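Worksheet for the structure shown next.
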Amino acid sequence: MSVLETVKEKVGIADEKPRYECQDCGHEFRSSADPDSYWSKCPECESQEITQIE
């Protein structure tokens with residue numbers, strides 16, 4: 001999670017994006033990208049093997 005996202009969450013103005021988990025490295029993150037798109041990938045390892053957890 002970026003610093004900006006953390007600050008937004010703490011002050012209550014965070015965007016509610018779906019939460020995902022990377023199947024390769026286990027990193028959890030939020031993304032507004034369509035899960036079936038090319039742009040939907042883990043920001044940590046860039047794997048496209050992700051599943052929605054929320």
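The values are calculated or read from the model by the stated rules, or taken from the named source; none is laboratory data. Source: prediction; values computed, not measured. Here the Cβ is made from the backbone with ideal geometry for all residues, glycine too, and neighbour counts use every protein chain on show. Just so you know, the surface numbers come from the protein's heavy atoms only, side chains and all, with ligands and any DNA or RNA stripped out. Shrake-Rupley method; radii C 1.70, N 1.55, O 1.52, S 1.80 Å.
Some points to look at:
- The set of residues in segment 1-12 being surrounded by 10 or more Cβ atoms within 10 Å (Cβ to Cβ) and among the hydrophobic types (A, V, I, L, M, F, W, C) consists of MET1, VAL7.
- Looking only at segment 13-39, and only at residues there that are over 21 Å from VAL3 (Cα atoms) and in contact with a strand residue (DSSP E or B) (Cβ under 8 Å, 6 or more places away or on another chain), the one that is most open to solvent (accessible area, probe 1.4 Å): GLN23
- Flag if GLU44 is surrounded by fewer than 13 Cβ atoms within 10 Å (Cβ to Cβ) and not hydroxyl-bearing (Ser, Thr, Tyr): no
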